[in-house]
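**Student:** Please find one structure pasted underneath; my questions will follow.
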Amino acid sequence: MVKVLWAVACSVLMVLNIAAPLALPVFAQETDNSARIRRPALPLTGSQADPSYRLGPEDQLRISVWDNKELTLDLVVRPDGKISMPLLQDVPAAGLTAAELAADIEGKLSAFIVNPVVTVIVLQVNAPKYYIIGYVGHPGTYPLRGDTSVLQALALAGGLTQFASPRSIKLIRATRGKQEVRKINFYDIIDDGGEGNYLLKPGDTIVVP
């Protein structure tokens, strides 16, 4: 009887010794997963949040040139659409995205600095803007400079794509707290000499289905 009990006890101990190591990786994996879930996300900068935005007058920018404090500065886009930088003097900025402006500055600085690395961040958007979404070449946010018509806005956005419905374009405008929707036939604008070719107002949205 004693031998039987001793054999049972040994069997139980062997099972526990085998099972214990198997449980450890599972516990470690759960701990690692929970750590990954709790890890906070990095905040987005202005340029990362809306990379399609095209700069306009009065927009506030931060130009950073890596390893060059003298060329790292905050600037405001002038009414003529340009910014002023040391070495480069006047640099056109209006109508470009932050990434496009950074690439342009890098190209110009390469005459003075070896392999310049430039970052452009939009600190504050002050220019009036409108939006184009749908089947156009370059949908996104655009600065409203002077009198801009629907046809001009579509041209700036790269025109209609082959998937667009030219007869079903919509202009959405906020008027006294309510949305006003105007239907636009692209062919009417072309054929009827401007019928439906409205002048845009700040905040207007053009939808090209």
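The values are calculated or read from the model by the stated rules, or taken from the named source; none is laboratory data. As the structure is a prediction and not an experimental result, all values here were calculated from the model. Note: ideal-geometry Cβ built from the backbone for every residue, glycine included; neighbour counts use all protein chains shown.
**Student:** Just give me the residues in the stretch 141-183 being farther than 29 Å from P57 by Cα and of a type outside the set (S, T, Y), in sequence order.
**Tutor:** Of everything in the stretch 141-183, those that are farther than 29 Å from P57 by Cα and of a type outside the set (S, T, Y) turn out to be Q162, F163, A164, P166, R167, K183.
**Student:** Mind listing whichever residues of the stretch 107-135 are of a type in the set (V, I, T) and under 21 Å from V76 (Cβ atoms)?
**Tutor:** Within the stretch 107-135, V118, T119, V120, I121, V122, V125 meet the criteria.
**Student:** Is it the case that some residue within the stretch 45-58 is surrounded by fewer than 12 Cβ atoms within 10 Å (Cβ to Cβ) and either modelled with pLDDT under 85 or closer than 15 Å to E100 by Cβ (or both)?
**Tutor:** yes
**Student:** Residues in the stretch 114-139 that are within 20 Å of P92 (Cα to Cα) and touching a Pro at 6+ places or on another chain (Cβ under 9 Å): how many?
**Tutor:** The number of residues fulfilling the criteria is 5.
**Student:** Can I ask one more? So which of G196, G137, G203, G95 ends up being more than 25 Å from the chain's Cα centre (by Cα) and not polar (S, T, N, Q)?
**Tutor:** None of the others qualify; the one that does is G196.
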